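Participant: Here you go, one structure.
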Amino acid sequence: WVYNATQQQVELERDSQQVRAIASITKIMTAMVALDHDPDLDRRLMLNRLVGSHLPSRSYSRKELFDAMLVKSDNAAAETLAADYPGGRNSFIAAMNARAQRLGLVNTSFQDPSGLGPRNLSTARETGQLIRAGAVYALIRETSVKTQVAIETTYQKKIRTIDLTHTNQPLLFEFDNIIAGKTGLTSAAGWCVALLVEQAQRQYVIVVLGSRTKQARLDTVKNLMYNHVQEQDIKYVP
């Protein structure tokens with residue numbers, strides 16, 4: 001799905017209203033609800049190891065958790081932010097679904113804060129609305145396009161640095177006009193990505209759901225960027 005948000009015009013769509021699993025694109029909603037609950041980024045939380053993580057078990061600032069969640073798509077970071085919500089994880093998930101309804105995302109629903117479950121569902125169109133809503137938040141805009149982040153931790157009384165590379169690093173290196181974005185991958189969802197980009201003072205939304213491979217997702221986005229967003233004669237041939 002390619003949407004010219006500035007002119008409110010669909011440039012290209014295919015099965016854009018089919019309900020599909022969206023995997024870790026879910027974390028955009030997680031970030032929104034967590035920031036609405038508490039904008040304090042310095043407050044520390046103990047990592048919730050309900051799911052796997054790239055981070056060792058210790059406490060982290062909420063800023064570090066947002067970094068890990070939006071750059072490396074860390075699932076435990078998402079669960080930690082959710083568990084911190086008043087009423088706990090279940091109340092957080094209810095708030096995610098309530099926020100989706102307020103945004104008019106009638107075909108979108110959330111099962112968990114990480115996107116791991118198969119019932120984190122949306123359509124390409126509504127996923128595009130979600131990434132636009134997320135981009136309103138400065139933290140989501142700025143963090144979701146970092147190619148990598150470094151988090152310091154202590155191991156055996158020595159400070160070491162954990163380097164987390166972005167799950168969408170190839171596209172971020174190739175295109176400097178991405179304003180916000182999030183990838184996703186589960187067996188139910190396939191390889192997914194939602195992007196908000198700016199070209200020639202116009203904003204475009206690109207959503208690709210259900211690609212069979214990482215390379216296929218990359219090739220599809222490059223094709224859409226070169227042939228439907230960027231105003232140039234160069235055509236991308238995968």
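Coordinate-derived values only; no laboratory data. Remember, predicted model here, so these are calculated numbers, not experimental data. In this analysis, Cβ positions are derived from the backbone assuming ideal geometry, glycine residues included, and neighbour counts consider all displayed protein chains.
Participant: Can you give the extra length, in nm with one decimal, that the chain gains between Gln169 and Tyr226 once fully stretched, where that is 0.36 nm per residue apart less the Cα-Cα distance? Don't skip to the end; give the middle numbers.
Facilitator: Numbers: separation 57, 0.36 × 57 = 20.52 nm, distance 1.77 nm.
Working it through step by step, the gained length comes to 18.7 nm.
Participant: So what's the back-of-envelope 222 nm ellipticity for the chain, counting only DSSP H runs of four-plus at -39500 (n - 2.57) apiece and dividing by all residues, rounded to 500?
Facilitator: Numbers: 8 runs with 80 residues, N = 238.
That calculation yields -10000 deg cm²/dmol at 222 nm.
Participant: Size of the dipole of the chain about the Cα centre, Lys and Arg at +1 and Asp and Glu at -1 on the beta carbon, nothing else charged, in debye to 20? Provide the component values of the computation, followed by the final result.
Facilitator: Values: 28 positive and 23 negative charges, 125 e Å.
Approximately 600 debye in magnitude.
Participant: While we're here: Using a Cα-Cα cut-off of under 30 Å, which lysines could be cross-linked to Lys63, ignoring same-chain neighbours fewer than 8 residues away?
Facilitator: Lys27, Lys72, Lys146, Lys157, Lys158, Lys182, Lys214
Participant: Under the classification rounded if a/c is under 1.5, otherwise prolate if a/b is larger than b/c and oblate if not, where does region 75-125 fall, given a ≥ b ≥ c as square roots of the Cα gyration tensor eigenvalues?
Facilitator: On the way: a/c = 2.62, a/b = 1.47, b/c = 1.78.
Since a/c reaches 1.5 but b/c is at least a/b, the shape of region 75-125 is classed as oblate.
Participant: Going out from 0 in 5 Å bins, what whole percent of all Cα-Cα distances in region 1-150 drops into each bin?
Facilitator: 2, 10, 19, 23, 21, 13, 7, 4, 1, 0
Participant: Once you've got the GNM for the chain with C-alpha springs shorter than 10 Å, pick whichever of Arg44, Arg132, Arg160 has the biggest mean-square fluctuation.
Facilitator: Ranking Arg44, Arg132, Arg160 by mean-square fluctuation puts Arg160 first.
Participant: Among Leu50, Leu70, Ala216, flag the residue with its Cα farthest along the positive direction of the charge dipole of the chain, charges on Cβ as +1 for Lys/Arg and -1 for Asp/Glu.
Facilitator: Leu50
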